[in-house]
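Quick notes on the structure that follows.
The values are calculated or read from the model by the stated rules, or taken from the named source; none is laboratory data. On a predicted model such as this, the values are computed, not experimentally measured, just so you know. Virtual Cβ from ideal backbone geometry, glycine too; neighbours counted across all protein chains shown. What goes into the accessible areas is simple: the full protein's heavy atoms, side chains included, and nothing from ligands, DNA or RNA. Shrake-Rupley method; radii C 1.70, N 1.55, O 1.52, S 1.80 Å.
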Amino acid sequence: AANYPELVTNLILESSVSFEEWPDRKTRRVARAAFNSFIEPITWGITHQLFRIAPDAMLRAMMGSLSTLPSKSVVEDFSEEERKKLNSLFKQMRSGSGFSNDLIPSEDITSSIVQPTLIIASKNDGAVALSHAESLQRSIASSKLELVDTLSHFLWVGSNAIQEKRIVADFLKIK
């Protein structure tokens with residue numbers, strides 16, 4: 001959006017990290033160890049196996065880092081279909097160099113974004129602090145911040161996910 005404004009008419013940022021420090025130092029150290037190019041396939045291989053062996057326990061464990069709410073209540077709120085989709089997602093997930101790239105600071109170009117921008121953040125996001133959404137709103141001139149009461153970093157699942165869908169549809173003027 002900043003580099004090629006002619007190609008982007010609207011921008012939606014959900015559960016987004018800003019240019020503030022993220023993650024914290026401890027998580028950064030663990031991520032460098034667990035997701036370096038040699039260990040990353042092993043990390044995800046173990047994760048995939050654990051999801052096959054104990055999907056409910058693993059889903060609760062993952063939600064523990066993705067929500068500020070008790071993970072048990074978050075998972076219990078998911079429909080059976082949502083649980084299956086999330087388990088399937090985690091059984092296939094790979095980060096490649098993505099997580100490692102996230103740890104490398106980059107230049108903040110958000111002040112160059114001119115498109116109407118919708119920023120959506122969950123009040124219960126355990127992965128990305130609300131301060132990131134607020135920082136993005138301050139630095140993107142034509143932005144609007146919407147806080148939703150969804151259950152976790154994954155705004156699109158759970159009983160309150162309809163909030164996110166309505167806000168996006170309204171922003172894009174979809175009926």
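Using the average count of surrounding beta-carbon atoms within 10 Å as a protection proxy, the listed peptides 110-121, 50-61 rank, highest first, as 110-121, 50-61. Measuring r between the beta carbons of Thr9 and Ile104 and using R0 = 30 Å, the FRET efficiency lands at 0.55.
Spatially close Lys pairs in the chain, defined by Cα atoms under 29 Å apart and a spacing of eight or more places or different chains, total 26. DSSP beta bridges fully contained in the chain are about 10 percent antiparallel. Whole-Hz Karplus values for the range 165-174 come out as 4, 5, 5, 5, 4, 5, 4, 8, 6, 9 Hz, taken residue by residue from phi with 6.51 cos²θ - 1.76 cosθ + 1.60 and θ = phi - 60°; glycine and proline positions read x.
Protein heavy-atom surface of the range 22-86, 1.4 angstrom probe: 61% of the accessible area is carbon and sulfur, with nucleic acids and ligands not counted. The simple Förster model, with R0 at 45 Å and r as the Cβ-Cβ distance, assigns Ser112 and Ile53 a FRET efficiency of 0.45. Counting other Cβ atoms within 10 Å of each Cβ, which GluC sites (Glu not before Pro) in the range 59-154 have at most 16 and sit in a DSSP loop? For GluC sites (Glu not before Pro) across the range 59-154 that sit outside H, G, I, E and B with at most 16 neighbouring Cβ atoms in 10 Å, the list reads Glu107. Residue order by solvent-accessible surface for Thr27, Thr9 is Thr9, Thr27, largest first, with ligands and nucleic acids left out and a 1.4 Å probe. Over the range 1-92, all Cα pairs binned in 5 Å intervals from 0 give whole-percent P(r) values of 2, 11, 14, 17, 18, 16, 12, 8, 3, 0, listed from short to long.
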